[in-house]
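Scroll down for the structure; my scribbles are underneath it.
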Amino acid sequence: MLALLFSAIAAAAPLQPADGVVHVKVVLADAQQTPRPVPSYAILISANPPTAAPRRVVTGVDGTVSVHLHPGSYIIESDAPFVFEGKAYEWHQIVSIPAGRDVALELTASNADVGPAGPAASTSEAPAELSVSTLQTEWQDSVLALWTPTTHASGFVIDAKGLIATDRRALGGASSAEVQITPAVKVAANVLASDPAIDVAVLWVNPGQTSSLRPVPLGCSDTRTPLAKDQEIVTIGSPLREAKGPRFGTVNRVDSHSLATDFVIAGGSSGGPVFTSAGAVVGMTSVSDGEDQRRRGNARVIPVEDVCKAVTAARASMKDAAPPSDAHLPVEPSRPFPVDALKEMAKRRVGSLNPYQQPATDFDIAFITPVMIYAEEARAEEQARDRSSAGRSSNAGQALLDFGNWSEYIIGTPPVLFVRVTPKMVEGFWTKVARGAAQTQGVALPAFKRIRSGFSRMRAYCGDAEIAPIHPFKIERHVSETETVYEGLGVFDPGALAPSCGSVKLVLYSEKEPQKADTRIVDPKIVEQIWQDFAPYRQQ
């Protein structure tokens, strides 16, 4: 009986037409006419004419959203304007949804109402802002790590011809640098412009190396809305020992050539681009303390107008310069050293974990492998936990954790070989005479020593083949307020110095005599021991 009743009702009721589906895609072209999907963008859908409150939907990471609708006419419009590269975009479209059919609607610049960003684009609600995830997706690959012998900094691609902007102070005033395009690709860069007055440097890499990266639009010719106190800003940097990503801050004060902010950025991030929350570029970060580029919480922002000035000078210099080499430079190994292996090696070698040492004329050479650094870090942590411990690290052990301006690089025990070249200390002739004279009067004075000569550069050879280091670092030692002396710190691949070389040779050059080579054949026993220290790494 119930079955007959339901059959009768079904027969009497009119058939409902099948729903249709509207597929909306929001996409805008950038200055290079590259299509860019607009994610996390709110769209309102209402009947035409409206009969109820509109339905609000949001695009996904690919800029699309699909909605099932009854057949009929609909209004599809923006919930709020979308700000992109200095312009505000807003859409209002009418579509018809047939029964059981799919309809595609693409919202682009061609069917948008376009106006300037800022007050002219205001509606009853604030303009839609670029989400932080969108900023990161759009620009993270365009922010690169920069290396010089004494510094690590960030920079960002600003031109399809291979130009990269960075903080001059963070770069250390260098005339060249190495640019980490990806973890597997590093190339040389020339400094085309370096202006200490505005603290901006512009580097040039071979254009072929940055062709896949999207230049960050500086908008040098755009009319800008002035920044205001307490305005939110975002920067992206490439820190030395942290993942690349955004940092947040606010504007504290606006000066003529800088913005005071409360940015707390990681070491090596200085030189990254700074955006408003709407995605407009407003400048780049810079350290405010030239004596310590690795301090936290002291970042200022160089206005984009000053960056544009340096870019103009760099483009003028490009006309008469040859493009930099596109040769790939050595990079750090991608695999970490197995911690269990380091722990086991340190246990077995208690008492024999000092660097392997070899003397030269003006320098002492130390070969440092990961097991030595790991053991000393473990010992330091143990002593920190037990302050009452009477144990003390040896001088050699302390040196393993003191790499001056590169101490942060050592964190995490990278799987590389360090060759440290330390200047020798000598006693001057007249101080030695004065000490002898004092001794004849019964006064014993300690030797007054000075550094023989600072480190200039090092070349390494496996047999007759020269080995390029991953990093040709220099360690800065400030011996007085006006004098800085350098140690060498060559970072090499685990397999660079091997017994199969036949012989391993180092050629050292001092600051005092930069053209005079001091050639040293490395003791074969040291080479063999280095090779054995990396055996667990090769075997994993």
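Just so it is clear, none of the values below were taken in a lab; they were calculated from the coordinates. Computed from a predicted structure; not experimentally measured. Virtual Cβ from ideal backbone geometry, glycine too; neighbours counted across all protein chains shown.
Cross-link candidates for Lys516: which aspartates and glutamates have Cα within less than 20 Å, leaving aside residues fewer than 8 places away along the same chain? Cross-link targets: Asp362, Asp364, Asp464, Glu466, Glu487. Mind giving me the FRET efficiency for Asp518 and Glu305? R0 is 51 Å, r the Cβ-Cβ distance, nearest 0.05 is fine. Calculated value: 0.55. You can think of it this way: the chain between Glu344 and Asn252 has 28.0 nm of extra reach, that is 0.36 nm per residue less the Cα-Cα gap.
Mind scanning Lys347/Lys505; Lys186/Lys309; Lys25/Lys161; Lys347/Lys525; Lys424/Lys474 and naming the pairs with a C-alpha gap bigger than 20 Å?
Values: Lys347/Lys505 31 Å; Lys186/Lys309 27 Å; Lys25/Lys161 32 Å; Lys347/Lys525 22 Å; Lys424/Lys474 16 Å.
Where the Cα-Cα span goes over 20 Å, the pairs concerned are Lys347/Lys505; Lys186/Lys309; Lys25/Lys161; Lys347/Lys525.
State to the nearest 20 debye the size of the charge dipole of segment 205-317 about its Cα centre, where the only charges are +1 on K and R beta carbons and -1 on D and E beta carbons.
Values: 13 positive and 11 negative charges, 55 e Å.
Approximately 260 debye in magnitude.
Prolate is the label for segment 138-177, because the ratio a/c of its alpha-carbon gyration tensor axes (a ≥ b ≥ c) is 1.5 or higher and a/b is greater than b/c. Taking every alpha-carbon pair under 8 Å whose residues sit at least 6 apart, segment 170-312 reaches a relative contact order of 20 percent.
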